[in-house]
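Single-structure report; data block below.
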Amino acid sequence: MDTARVLPAAPESLFAPSGDLVTCVDLDGTIRYVNQALRAALDFTETPVVGLKVFDLIHPSSAAKVAAIFARLRAGEDVGLQNLHFRNQSGGSVELEGRISVVYENGQPVLTRGVFRRPAPPSPVSQELRARYLDLELKLREGATRAYFSDFSVEHAPIGVGWIDSTGRIIRCNQHLEDLLDISRADTPAISSFMPGGRLPWQRQPLGDDGPSESAPQRFETPVRSVSGREFIAELVVRGLRFEGQEFEFLLLRDISEQKQAEAKVAGAQRLESMGVLAGGVAHDLNNTLAPIILGLDLLRPSASPAQLRLIDGMQASAERAAGLVTQMLMFAKRTELRLKPLAPQTLLGELGRIIANTFPKNIQVEIGSGAELPSISGDDVHLLRVLLNLTLNARDAMPKGGQLTVTAEYVDVDAAYAATLTEARPGTYVRFNVTDTGTGIPPEIRDRIFDPFFTTKGPDKGTGLGLSAVHGIVKGHRGFLKLYSEVGRGTRFSIYLPILGEAVPVTRPPPPVPLPLAPARKLALIVDDEAFVREVVKSALESLGFQVITVEDGARALTHASKVRDEIGLVMTDLHMPNLNGITLTRALRRLSPDIPIIVMSGRIADDERALLTELGVTHYLAKPFNQASLAERLHQALANSLTTPAPA
């Protein structure tokens, strides 16, 4: 029998941290292994001992006792805890106590293993109790330690390891478990004292009646509270074990608080992304529905009577309100167009102050300012102003009895450590807008839901639940992020982080654009849309502007018509998402057919990758559904004034 194969894989690293004195001896008494701690205790640090007989290390006073122990071991008996006198290098006696057991391989005894310690000094604890715990402890180390920890150091394992006796008390643990629970190895606390309600999340599993036995491991996640009061989420693995009639449990405990926080961040981001996809799809369908209504109402105005105009005004106001809700959904889904340009933060704050100056109740004190001059940001002033207005209006509603509203902007550096604590945050330099109120605050149980679309705590006539979801979409579209701090009864602060652009820009507003004259050289227009009513209303609008119009319902038919009259077509207006042949594929084919033809894309939503492909094809003019006649005329002016000069893409 090759006894070397059953020796500990890494005995020094396994036993050295605990101070155990270990020896392995063949059943015929030949020494096969002695660890460094035992050699040092016997002063055999320089003299080889492997290959000697065990009696060469035993003091004559214990020789007969050792002979009897080996006879019992060969007979398969348990010898229990033993107190022996070893012989040191100079022949003196060294008293050690420990346990000797037989190591089996394939059911056959191959060698004995002894694990010893120096006897503990007398203490108030009864010798019987001390002997019982030491006996059990050595059994655990000799049996279970070899079974579970033969390949690494228990003491320095990056996970809490403990042994629990039949009364539920921790009788041994490693350093990591001490640190996690803030306990001392001199204590034997009940494991249940660290669990919620003092109750264990597991039940003892039945074990076999004869010989060593073990139960299947049980896994749990549970809150844990240490002795010092620190609370964390722990993952537990518990396995029941029986050794020589005594039952105990082997425990692994790991702090997974950071892991759970990271999982929550990912789940939250995935939830928002899923809702964004849903919101984008719904918004696209609603935009297609609203597009002919809003444009059609404009076409009805010239021939309407005063009474009919009042009805048209009411219908148009309702349709535009619905379009505004759809825009908010697209903002949440990050599918609305942002027109980015250099902005001075002070400009946004100044515009915000002018808007709310005379609209807030007198019992709310408003303070808006930025202090020092700030670097510029790259942003869409209309959308960012909408963000600030939404947050200030929410703050107003949170202070029905009055209070203080403060809106500020400041320069901040965000390092990697801080960014790691927030969803969607990245390290960098930012302008931070803070909207702070002294209102009712947001209860903790709903804070994770406030950015969900259609979630609102307001009454049915006071809120749609799309405001904060739109705020999230706009900020995300600006490569920024949000942070919320709120205390119930004390107030709320929303912080918006927007990346800086560089040098500060003048605090001015650009002049409004001047429309160019509409003078198309070729007045035949091709309208492509899979919604019949959209085609008819856009046709009527173009005819009122002097165009002749062909309408088709998909890209394939559009390409057929265009190939027949390509020298006459002066304009193509196409939807983006259509069956058979979508707007991008149609545009690519039209560019090969007639490279300089003006193309306007109409769509309720355009994704970033779709916009990039259209830009490569020379398309720069878009109409976001729904649109009115004024928007249509303005876009026609721009498209026809900027005829394409670039060659068709290959």
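The values are calculated or read from the model by the stated rules, or taken from the named source; none is laboratory data. Here the structure is a predicted model, which means the values were calculated and not measured. Counting neighbours? That spans all protein chains shown, and the Cβs are built from the backbone with ideal geometry, glycine included. With ligands, DNA and RNA removed, areas are computed over all heavy atoms of the protein, side chains included. Shrake-Rupley method; radii C 1.70, N 1.55, O 1.52, S 1.80 Å.
Using a probe radius of 1.4 Å on heavy atoms only, what accessible surface per residue do you get for the range 30-119? Whole Å² is fine. If you can, show how the numbers build up before the last one.
Numbers: 4140 Å² over 90 residues.
Heavy-atom accessible area per residue stands at 46 Å².
Could you sort out which of K539/K625; K362/K483; K260/K483; K539/K564; K362/K476 sit more than 23 Å apart by Cα distance in this structure? The partial results should precede the final answer.
On the way: K539/K625 15 Å; K362/K483 29 Å; K260/K483 19 Å; K539/K564 20 Å; K362/K476 34 Å.
Check vs 23 Å cut-off fails for K362/K483; K362/K476.
Can you give the extra length, in nm with one decimal, that the chain gains between L27 and T421 once fully stretched, where that is 0.36 nm per residue apart less the Cα-Cα distance?
Details: separation 394, 0.36 × 394 = 141.84 nm, distance 6.00 nm.
Separation in residues times 0.36 nm, less the Cα-Cα distance, equals 135.8 nm.
Which far-off residues, 5 or more places away or on another chain, put their amide H under 5 Å from the one on G403, with H placed in the peptide plane?
Residues meeting the amide H criterion: I364, Q365.
Any idea how far apart A607 and E367 come out in nm if each label point goes 7 Å out from Cα toward Cβ?
4.7 nm
Tell me the per residue accessible area of the range 525-567 using a 1.4 Å probe; a whole number in Å² is fine.
47 Å²
Given H placed on each backbone N at 1.01 Å, which residues far from M578 in sequence or on other chains put an amide H within less than 5 Å of it?
Correct list: G583.
Measure out, as a whole number of angstrom, how far apart the alpha-carbon centroids of the range 350-367 and the range 372-411 sit.
Here the two parts' Cα centres lie 11 Å apart.
If you add up the charges near L180, with Lys and Arg at +1 and Asp and Glu at -1, over every other residue whose beta carbon is less than 12 angstrom from its beta carbon, what do you get?
-3
Hey, rough spin-label estimate for D313 and L340, points 7 angstrom out along Cα→Cβ, what's it come to in nanometres?
The modelled label-to-label distance comes out at 4.1 nm.
Mind listing the phi-derived Karplus ³J(HN,Hα) values for the range 299-309, rounded to whole Hz, using 6.51, -1.76 and 1.60 with θ = phi - 60°, and x for any glycine or proline?
Running phi through 6.51 cos²θ - 1.76 cosθ + 1.60 with θ = phi - 60° gives 6, 7, 4, x, 9, 7, 7, x, 5, 5, 4 Hz.
Net charge near N363, counting Lys/Arg +1 and Asp/Glu -1 over other residues with Cβ under 12 Å of its Cβ?
Around N363, the surrounding residues sum to +3.
For the peptides 156-163, 549-556, 471-478, what is the packing order when you average, over each peptide's residues, the other Cβ atoms within 10 Å and list the highest mean first?
The most tightly packed comes first, giving 471-478, 549-556, 156-163.
Between A234 and residues 5 or more places away or on another chain, which pairs have amide H atoms under 5 Å apart, with H built 1.01 Å from N, and which residues are they?
It is T222, V224, I256, by chain and number.
Counting other C-beta atoms within 10 Å, and keeping those with at most 12, which DSSP coil trypsin sites (Lys or Arg not before Pro) do you find in the range 341-391?
Passing both the DSSP loop test and the Cβ count: K362.
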